[in-house]
Structure formats: C-alpha cells, structure tokens
Amino acid sequence: MVTNQQEQIGTYFLSQAKLTASSPPQTSPESDTDDEPLPTELNTINSSGGFLVVSTDKLSLRYPSVNQHGHDVGAVQSNRPAPVKRLAYYFEMKVINGGFKSHMSIGFTTDTFKMRRQPGWEANSYGYHGDDGLLYRGQGKGEAFGPTFTTGDVVGGGINYSSQEVFFTKNGDIVGTVYKDMKSQLFPTVAVHSQNEEYDACRQIFHLLLIIILSEIAYEAQERLKQQSMIEKITLPQDVSYGIVRSYLLHYGYEGTLNVFDMANNNSVPPIAIPQENGFSEQDSMYALNHRKTLRQMIRSGQIDAVFCKLNELYPQIIQDDKSPVCFLLHCQKFIELVRVRELEGAVKYGRVELAKFFGLEEYEELVREHEYYLREYAHPHAYFIIVAQGNESRRKDIQECVALLAYEDPSKSPVGYLLGDSQREVVADTVNAMILSTNPNTKDSWSCMHSQLEKLLRQLTACCLERRFLNGDQGETFYLHRMLQSGKVSKH
C-alpha cells in the first residue's frame, strides 16, 4: 500500500521530470546576461539640447557655450540603462579637451534626472567631478573623493552589484567607491560645463571598446577572487565536512565509494557525532544500503526489467500501484533504453502496453504530450509509419514525449536527446532510492528521503543568495553553484 510519504515523494520526482521536459538543460550559467541589452551610444533625444553638441555617430560630445549658471550644464545619458544581471558593469570616456575650467563629470543617473544639471547635484544620481575631484551624490555639496581629471585622462564609472557599490576610475586605476543606495535602473551619464570641453568614445572606437570590455572582465575576475578568498577563510572542523560528505554517500547508496572514503579518512578524522534531525539519524541512512546500491547500478546500466523484478521481490509496496509516479518513470526509462539500442518496433509495442495506461491521467498530462511538430517535420520514416499507421488518432496526440526519440536518425542529437543522457537515469535512480528509504519504519517525513544533508545546505545557500538579490532590487548576477565551483578551481591555479 502506498503511504502518504511515498505519494509525496513520487509527486516531487514527477514534478522534477516535468521541469526537465519543459526546459531541458541547454544553456550556460552566463546565458542570463546574453539577452540583456547594453548601452551602445549617447541618447540624443533625452539630453540638455542646445547646451551641448553630440557627434553624428553619438559617441562624443562637446560644450559650445559659455556657462552662466548651474542650470546650463550639457548632460547626456546613454541610450540604455546599465545592465543588472551581472557581477559588475563598467564604462569609460576619454577627455579630449578639458576646456577652460574642466567643469566636467561622469556618473550614473535615473531616467527622471534633470539633464541641465551635473550628475550628483540632483537626487538619485552619482557624479565624479573633474574640476575639484569631489564626489557628489544627490546634493550640491561634494565630498572628498579623488584627484581631478582633464585633457588626456580616461575616466570610468562602474557598479559592483555584489558589494552594492558605485566606483570610479581614472586612467585605469580605481579612485574610490561609494555605497549604492538606489535600487532603480541607472544610466551611464557624462556632463560638460565650460567652453570647448569635449568627451570622446569615438577615436579608435574599436580599440577603446575592447579596452573597456577587457577592463570589465579583469574587474570581475578580481572580484571573484576576492569572494573566493573570503569563502576559503571560513573554516569548518574536519569532522563536520567529513560528516557532510559521508551523509551524501550514505543517502544515495554509494556503498563502494563510502567504504573507500571511510578508509582514506580513518586515521585523520576524529570521531563524529551528527545530531539526529527530524527523527532521521545516520543509522536510518544506512537502511537498505546494499539494496539501494544494487538498484542504482541496475538503473545506470539500463536494466529496467531487472529493477522491476528486484522491487517486486524486496519492496512490492513501491510498485503495487502500477499507475504510480515511480512506475511511470520506470516505464518511461524502459522505453528510452529500447530506443537507445534502436529497437524501435519493440519500443512502440512497449509504449502501447505500458505507457498507454497513463494516457488521460491529469498528473501525467504534461509528460504524455507528443512533440507533434518534430514527429511531423523530422520523423524517421519507419518510426513515423509505425506511430501513425498503427496508433490510435486520439492517442497519437498524447504519446509520451520520449516517443519523439523515435523520430530521428540520431536521437542523441534531437531536441529531446537529453532523455538519453546519464542525468535522466539518475532522476529515476534517485526516485527509487527515495521510495526505498520511505519504507523505513523510523522515517517521519518525506523530505529526509528526498534530499541529503549536503543538498539541504546547498538549497539554503541558493535561497539566501536569491533573497539577497531580491533585497538589492533584483540586481546582480543569478546564483549558479557550477559557476561558484569553477571560480574556486581557477583561484587554486
């Protein structure tokens, strides 16, 4: 009989399978920044008009007038706001002519900024000024910040979303930083305010843009090294880190690896005592360890028939309901294994017998929807004939997504080729592993069966990073564990 815990476990892994089917892994961790448009030129529409002249290529500006007061500044923003889905953003401008007084500035402003004022003089803006080297942020009074800048200098402005700081540079060196207290979008902004002052990003533009890009990459690399250094300074008692890794191996039934791990650490790690959590102890993690190891090995090698036999012998309650999520995932995997060895007719016959029983059941609706377009446009002629000529019309439209594998000469290169990967087998193996753990009489909650202590820590880390990003106005790069681990590897070389 299926318990409530087993039902929860089955539903969870079924939802994981649906998630994989709806968005199979195909993007890199950096892809979230690729679709974010970057500033590319000066905005000639939203500027201070007659108080400045912008070049036709919209990459340089000049102040042609004689300033009379503080409201005839020539200010201009970029055509787009600074991107936010990244660790940092940075831009530069070169001073071609400092003019009579070097009354120029570089900074960041919001879309409501008054364009006849210097950045930093008005609320919701930051500005580093060339004539006095002061930093202005939202008021007319500046604060000591850095050196002045004038003709020949290259000045830059940037945002560090990780530390929530705005920073400015002069000739490649960081001048200083200030806390970023605004969560709204910010536009790169430059301003001129004395006769003949001229900024330029146009001269040798490709070379200059390359320098900017390389500067941003170098800054990000430096920041990642700082983050990694802070992480490495956090110390954990050896027995704690050992216990976390050991609990992972126990949870997933990696018995062979566990034995080697224990032998390697037998003389170097002091005895550990991991506290019992929610009634689930290490002894409970040892439950059916050998059985779980054997079944995982069978699933990894594609022996699904043997898995059904073993479960029927040892844990018949798990597969007693032949319409349960665990049975559904096992039958799907059996179908996939037949496709893997190109037994196409056998796969279709198996699908009609074992997968057909799931058609029309609401909880499986998403996973029994055929990729009709792919079958129609790219189908392998033999496989398509079998599906169409022998398939019931109403059922054909509900064929399991994995049936789409039949439609390709080389299924591994198809849009559903991820189903043939080892990760798909692991999902099924994890499901069976959790279901067996749930049969332990001492188990009090389904959560402890589904995730190891290590995974719970990583989920908590992810949740904290997401919350931090939310508090920062959804600005900054998305947390990716893979990227963090790669940063750790790089820092050690």
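The values are calculated or read from the model by the stated rules, or taken from the named source; none is laboratory data. Keep in mind that what you see is a predicted model, and the values were worked out from it rather than measured. Note that each Cβ is placed from the backbone with ideal geometry, even for glycine, and that neighbours are counted across all protein chains shown. Note: areas computed on protein heavy atoms with side chains; ligands, DNA, RNA excluded. Shrake-Rupley method; radii C 1.70, N 1.55, O 1.52, S 1.80 Å.
Amide H to amide H under 5 Å from Phe187: which residues, 5+ apart in sequence or cross-chain, H placed 1.01 Å off N in plane?
Answer set, sorted by chain and number: Ala82, Thr109, Thr110.
Describe numerically, in nm with one decimal, the distance between label points set 7 Å from Cα along Cα→Cβ at Arg340 and at Ser184.
5.6
Determine the order of Lys94, Lys141 by accessible area, beginning with the largest, at a probe radius of 1.4 Å.
The residues order as Lys141, Lys94, largest area first.
Given 25 °C and 0.890 mPa s, compute D for region 81-156 with the Stokes-Einstein relation, Rh being the Kirkwood radius over Cα pairs; round to the nearest whole µm²/s.
The Stokes-Einstein estimate is 188 µm²/s.
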